[in-house]
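J.: One structure, as structure tokens, below. Some questions next.
The values are calculated or read from the model by the stated rules, or taken from the named source; none is laboratory data. For clarity, every value in this text was computed on a predicted model and none was experimentally measured. Using ideal geometry, Cβ is built from the backbone for each residue, glycine included, and neighbour counts are taken over all protein chains shown.
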Amino acid sequence: MSKLLCLLLLLCSPPAVVSLFCYTCVFPAISPLDCIRFPLKCPPGQLCLSSRAVGQKGDFRVVLYEKSCVLAALCGVTGEKYTLGLNFTFTNECCNTHLCNTAATPPHPPLWTALLLPLVTAW
């Protein structure tokens, strides 16, 4: 009878919240630089995030990439934010398995484009 009671208690107990390991960036990556990733144990209940933000000022365009842990409420969110004189449009994508936010950033444009960013943001 005790085995049946243990089984019943196990089935009725709430599921344990498992902490994921996700990649996080040391700093958000500015295209064409890639995110310097390292694994991080997320707080229980959080998911792995891959975020992409595109900033535009005239013909100048900058793309930022970020990886981290995030609450589920921020998954699938898109929006806009104005900062550093640029209007950024961002998209958040989440996944729920260990280190699933590993996808690399798109192919790199020439390195000299990254060197122009400090000059343009100083406007």
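J.: From the set of residues in the range 49-87 that are of a type in the set (Lys, Arg) and more than 11 Å from the chain's Cα centre (by Cα), which is modelled with the lowest pLDDT?
T.: Only one residue tops the list, namely 57.
J.: Then there's this: Which residues, taken from the range 76-102, are closer than 16 Å to residue 66 by Cα, in contact with an Asp or Glu (Cβ under 8 Å, 6 or more places away or on another chain) and part of a strand (DSSP E or B)?
T.: Selection gives 88, 89, 90.
J.: Shifting gears a bit: Could you tell me which numbered condition residue 47 fails, if it satisfies all but one of (1) surrounded by 15 or more Cβ atoms within 10 Å (Cβ to Cβ); (2) under 17 Å from residue 29 (Cβ atoms)?
T.: Answer for residue 47: the failing condition is (2).
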